[in-house]
Amino acid sequence: MAAEERPVQIIADHTQTSSRVYANYVQVSSSPIDTTLTFCEVIGPQSEEEALKMQKTGCLPAPVKAVLVIPNQIVDGLIQALQAQRDK
């Protein structure tokens, strides 16, 4: 006799944590298989020299803080969850 299937609820366990990561910019890219979210911390130029370099090159380097790759099957659910949280 096969074991009865029942849904499993995934619950965030805050007793098992890693350090918090701050990011104020996210870059999104997709492939047919998955979606990649690259989180960065954008810090403006810290000196006049950096500001001039940014103006000249048109680039502002931002340290990557985390890269998350998620299967496309959960992207719609993620979007809905983010919208629900924003609407609260």
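Karplus-based coupling profile of the stretch 15-25, in residue order and whole Hz: 7, 10, 10, 10, 5, 6, 10, 9, 9, 10, 8, with θ = phi - 60° in 6.51 cos²θ - 1.76 cosθ + 1.60 and x standing for Gly or Pro. Here the 3J(HN,Hα) profile of the stretch 40-55, calculated from phi with Karplus coefficients 6.51, -1.76 and 1.60 at θ = phi - 60°, is 10, 10, 8, 10, x, x, 9, 8, 5, 4, 5, 5, 5, 4, 5, 5 Hz, Gly and Pro shown as x. The alpha carbon centroids of the stretch 47-78 and the stretch 4-34 are separated by 19 Å. Residues whose amide H lies under 5 Å from that of Lys65, counting only those 5 or more places away or on a different chain, are Phe39, Cys40, Glu41; hydrogens are built 1.01 Å from N in the peptide plane. Decide, for the stretch 9-60, between rounded, prolate and oblate: order the square roots of the alpha carbon gyration tensor eigenvalues as a ≥ b ≥ c, take rounded if a/c falls under 1.5, and otherwise choose prolate if a/b is larger than b/c, else oblate. Because a/c hits 1.5 or more and a/b fails to exceed b/c, the stretch 9-60 counts as oblate. Ranking Glu50, Glu41 from most to least accessible surface, computed with a 1.4 Å probe over the protein chains only, gives Glu50, Glu41.
The HN-Hα couplings worked out from phi for the stretch 82-88 by the Karplus form 6.51 cos²θ - 1.76 cosθ + 1.60 (θ = phi - 60°) are 5, 5, 4, 5, 5, 6, 5 Hz, whole numbers, x standing for Gly and Pro. Protein heavy-atom accessible surface, 1.4 Å probe, per residue over the chain: 93 Å².
Report the semi-axes of the equivalent ellipsoid for the chain in whole Å, largest first, where each axis is √(5λ) for an eigenvalue λ of the Cα gyration tensor. Working shown, then result.
Details: eigenvalues 294, 55, 33 Å².
After scaling each eigenvalue by five and taking roots: 38, 17, 13 Å.
Taking amide H as placed 1.01 Å from N in the peptide plane, the amide H of Asp34 sits under 5 Å from that of Asn72, each at least 5 places away or on another chain.
Nearest 500 deg cm²/dmol is fine: what mean residue ellipticity at 222 nm does the chain get from its DSSP H runs of n ≥ 4 alone, each adding -39,500 (n - 2.57), divided by its residue count?
-8000 deg cm²/dmol
The values are calculated or read from the model by the stated rules, or taken from the named source; none is laboratory data. Because the structure is predicted, anything quoted here is derived from the model rather than measured. The accessibility values were calculated without ligands, DNA or RNA, using every heavy atom of the protein model including side chains. Shrake-Rupley method; radii C 1.70, N 1.55, O 1.52, S 1.80 Å.
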